[in-house]
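Heads up, the thing below is written out as structure tokens.
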Amino acid sequence: GLRSAAQVRSDFIEFYRARGHELVPSSPVRPRADPSLLFVNAGMNQFKPLLLGTADPRTPLSSLRRAVNSQKCVRAGGKHNDLDDVGKDHSHHTFFEMMGSWSFGDYFKSEACSMAWTLLTEVYQIPKERLYVSFFNGDPGSGLPPDLETREVWLQLGLPPHRVLPFGLEDNFWEMGDTGPCGPCTEIHVDLRGARDAAPLVNRGCPEVLEIWNLVFMEYNRYWADASLWPLPLRSVDTGMGLERLVSVLQNKSSNYDTDLFLPLILHLHQLSGAVPYSGGPGLLDTAYRVVVDHVRTLAVCIADGVHPGMSGAELVLRRILRRAVRFSLEVLKAPEGTLGRLVPTVAQILVSFVLQSWDSTHLCVINENEAQFLSSLKQGTRLIQRTLHKMEPGAAFPASVAWSLHRDLGFPLDLVDLVLTERGVQVDPEELDQIKAQNKVLALVYNRTLVDQVSEGLCGLILDQTCFYSEKGGQSPDQGYLS
Ligand code: ATP
Ligand code: MG
Ligand code: MG
Ligand code: MG
């Protein structure tokens, strides 16, 4: 029979435990003491001090040599932001689990690749001829050599040369963010189409040739955005594989949404909304199903970890996600108010114990209150859009001033405005919108300056520097506020 998602997860963990890796629980999705991140975006985040060699020697963490876990990740802001793909494709989520394994200055390339290969081909029994690997082809501009060692490792493991493919910085050099640990990586891709030769389609956006696992060889640190790389004291291995994608492969599905991680949620949403059943297609209705179930998982996990929808930073991102979910649920699926909240117990059932230890009435209150807050704006906004469309000449651009007012006065996230307009086949003139944004930025800068003046008269030079830095970067502070 097919493996359940829970089985896939525990097989991964057991495989590495049997090879001397200690199981470390997932950290919460809100990063601990790392201002360079909005959300935890990879399994390695909590191990950053270990990779950098800065772990406090008095903590148990510092003596860890091998680790395994399944980490709750959110990629909806910052360097790794997949929000715009969610619902449109079948493999990017705002919340997903990244199963990971680590060597901290212990084994390196050959053991890492060999363990991954054994797990995929012997434990999970993915046919070898469906698997492709990539390696870093070097980048003369930044003085980085090609990673021929890794290529050799794969050839030694028995892969034919035409399934060991070179790629550049974009695909095969992994960085956590603008700063921090980084290094060349090797990735494993699955050809879901079976025996056909997919080589030219790896990393080409073909949905049937799917990236599943990234093995990063952490060798460098980037101290400052755009600055040069420094070698790390230890050479470490950091791997991450998306649980949802692996499960879709092992359950013979071509979509993450057709696995036991999502199907019960989709069925529940169908019951609650009474909409036409989900059919997995590219249309608006199926997209809405995917967006809502994706977003409700993110909401449940984030709220459980103490991130509530709000006005800045991660909170603002979550507010945006909630508003998108409300809009797709109410307006596209015609679901009744309260639907998002009612889905939470189903999320908890699916993610039970390992990921979402608990949900409670807080979840429902937060979600329902935020939904209610947005409801009247949503109705007003939809009317405003319709009135505006009605008055427009055919083929004209949607007035940017109206888009801005939807955003500023009615709290429509700009990406949601964009989505709604795209559905009706119109667009805002991007230049006009940029102008309005720029004017708004000037205002925000003035506001920032006042803050800077106040702070500099007071105590703290450090805060001053940070504020200046972000102002120079265009007024964009870590909490992006209205500027995003
Ligand atoms: P992609 O190229 O598909 O966007 P990525 O290269 O950005 O993926 P990595 O940073 O290498 O992803 O993360 C390691 C693994 O985590 C990926 O190989 C994939 O299995 C999984 N993963 C990454 N982003 C997502 C996402 N948004 N939703 C689900 N799984 C993801
Ligand atoms: Mg990506
Ligand atoms: Mg990739
Ligand atoms: Mg990758």
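Inside region 77-118, residues that are buried (at least 21 other Cβ atoms within 10 Å of the Cβ) and at pLDDT below 95 make up a count of 2.
Flag set for Thr150, criterion: of a type in the set (Ser, Thr, Tyr), crowded, with 17+ Cβ neighbours inside 10 Å, over 21 Å from Ala227 (Cβ atoms) and away from ligand 1 (no atom under 13 Å from the Cβ). For the residues Leu269, Leu215, Leu299, the requirement of being part of a strand (DSSP E or B) and either among the β-branched types (Val, Ile, Thr) or buried (at least 19 other Cβ atoms within 10 Å of the Cβ) (or both) singles out Leu215. Scanning region 222-246 for residues that are out of contact with any helix residue (DSSP H, G or I) (no Cβ under 6 Å at 6 or more places or on another chain) and closer than 20 Å to Lys79 by Cα turns up Arg222, Tyr223, Trp224, Ala225, Asp226, Ala227, Ser228, Leu229, Thr239, Met241, Gly242. Quick one: would you say Ser36 is in a helix (DSSP H, G or I), surrounded by fewer than 22 Cβ atoms within 10 Å (Cβ to Cβ) and either in the same structural domain as Glu122 (by TED's automatic domain parsing) or under 21 Å from the mean Cα position of the chain (by Cα) (or both)? For Ser36, the condition - in a helix (DSSP H, G or I), surrounded by fewer than 22 Cβ atoms within 10 Å (Cβ to Cβ) and either in the same structural domain as Glu122 (by TED's automatic domain parsing) or under 21 Å from the mean Cα position of the chain (by Cα) (or both) - is not met.
For region 302-326, a residue qualifies if it is in contact with a helix residue (DSSP H, G or I) (Cβ under 8 Å, 6 or more places away or on another chain), surrounded by 17 or more Cβ atoms within 10 Å (Cβ to Cβ) and in a loop (DSSP other than H, G, I, E, B), and the qualifying residues are Val307, His308, Pro309.
Of everything in region 79-92, what is within 16 Å of ligand 4 (Cβ to nearest atom), touching a residue at least 12 places away in the same chain (Cβ under 8 Å) and farther than 14 Å from Glu211 by Cβ? Give them in sequence order. Let's see the steps before the verdict.
Residues of region 79-92 that are within 16 Å of ligand 4 (Cβ to nearest atom), as a first pass: 79-82, 85, 89, 91-92.
Right, trim to touching a residue at least 12 places away in the same chain (Cβ under 8 Å) and you get 79-80, 82, 89, 91-92.
The answer is Lys79, and nothing else.
Taking only pairs six or more apart or across chains, which ones have beta-carbon atoms under 8 Å, a first residue in region 390-415 that is without any contact (Cβ under 8 Å) to a residue 60 or more places away in the chain, and a second residue that is assigned to a loop (DSSP other than H, G, I, E, B) and of a type in the set (Phe, Trp, Tyr)? Note: pairs meeting the criteria are Leu406/Phe412. Every condition in (1) at pLDDT 90 or above; (2) surrounded by fewer than 23 Cβ atoms within 10 Å (Cβ to Cβ); (3) assigned to a helix (DSSP H, G or I) holds for Pro28 except the one numbered (3).
The values are calculated or read from the model by the stated rules, or taken from the named source; none is laboratory data. Keep in mind it's a predicted model, so treat the numbers as computed, not measured. Cβ sites come from the backbone with ideal geometry, for glycine too, and all protein chains shown count toward neighbours.
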